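K.L.:
I have a structure here, written as structure tokens, and I will follow up with some questions on it.
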């Protein structure tokens, strides 16, 4: 990264952090929702599932971490569409800035707030019975995968937000993204699903990420008879993140450079 690009993207990052400081509602909502879901699913539904309640909470925490990483799709969409609709992106385009700087600064700001937001979820997870069984190295690897996937999904959301350029539409699409973790192993094992539904769930990138966190933290081994990304979750997570970045970074930058065309 060139010095100019680093400076420009850093300035955009600082702007987004300032905006979050003055209007923290969206961030607080998105960061607190996984904790609320952990307490609700873990204690209300945990005892009703095949796994004992305590074991289910240990299974659920990595899934919620993966769902939080996938939340970059929603936040990227909302922030990009808001700036596009209010003309902020068009004003940036009039400045002598690298075209990558604005979307990069936005995605880096989201990544930084995600790092902070993961801490309370991890602490609550430990409080309800989740444990890191394989030591710190695996846990650090799991956090790295979570942040890489969050970074990738934020670029996807940024592209979609620049495409729709409307806060209301982005909000509706963002609400629809809550279905994605439901069609994965974030909350329940995919082995209990049948036919095409199991296939869809096992090829869902969130399934690979949730499985990778469980494997690296020593919580559960991947199913050997699952689809390739679910059976090899660490490699599958890395591949999904790389593919999303390779596709959506150039798409988002190109869309931003076009403005409202």
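Quick note: the coordinates plus some simple rules give every number you see, no bench work behind them. Remember, it's a predicted structure, so these values are computed and weren't measured experimentally. As a convention, Cβ positions derive from the backbone with ideal geometry for all residues, glycine included, and neighbour counts pool all protein chains shown.
K.L.:
Relative to the longest principal Cα axis of the chain, at what angle does helix 233-258 sit, 0 to 90 degrees, rounded to 10?
P.N.:
With both axes taken from Cα atoms, the answer is about 20 degrees.
K.L.:
Which peptide among 176-186, 66-76 comes first, and what is the full order, when sorted by highest mean count of other Cβ atoms within 10 Å?
P.N.:
Taking the mean over residues of other Cβ atoms within 10 Å, the ranking is 66-76, 176-186.
K.L.:
As I understand it, the value is the acute angle between the Cα axis of helix 205-216 and the longest principal axis of the Cα atoms of the chain; what does it come to in degrees, rounded to 10?
P.N.:
60
K.L.:
Quick check on the exposure proxy: order 206, 188, 169, 28 from fewest to most C-beta atoms within 10 angstrom.
P.N.:
28, 169, 188, 206
K.L.:
Say each of residue 90 and residue 122 gets a label point 7 Å from the Cα, pointing the same way as Cα to Cβ; how far apart are those two points in nm?
P.N.:
If labels sit at residue 90 and residue 122, their model points lie 4.3 nm apart.
K.L.:
Would you mind calculating the gained length between residue 137 and residue 179 on full extension (0.36 nm times residue separation, minus the Cα-Cα distance), in nm to one decimal?
P.N.:
My answer for the length gained is 11.9 nm.
K.L.:
What spacing in nm lies between the two simple spin-label points modelled at residue 257 and residue 40, each 7 Å away from Cα in the Cβ direction?
P.N.:
Each label point is offset 7 Å from its Cα along the Cβ direction, giving 4.3 nm.
K.L.:
Further question on the same structure: Could you give the angle, 0 to 90 degrees to the nearest 10, between helix 72-85's Cα long axis and the longest principal axis of the Cα atoms of the chain?
P.N.:
20
K.L.:
Could you work out how much longer the chain between residue 246 and residue 112 gets when fully extended? Use 0.36 nm per residue separation minus the Cα distance between them, nm to one decimal.
P.N.:
46.1 nm
K.L.:
Given the -39500 (n - 2.57) contribution per DSSP H run of 4+ residues, what per-residue ellipticity at 222 nm results for the chain, rounded to the nearest 500 deg cm²/dmol?
P.N.:
-24500 deg cm²/dmol
K.L.:
Under a point spin-label approximation (7 Å from Cα along Cα-to-Cβ), what is the residue 200-residue 28 distance to one decimal in nm?
P.N.:
3.6
K.L.:
Here's something else I'd like to know. Quick one, which of (1) 27, 25, 18; (2) 33, 18, 17; (3) 30, 21, 19 is the actual semi-axes √(5λ) of the Cα gyration tensor in Å calculated for this model?
P.N.:
Structure-derived value, by its label: (2).
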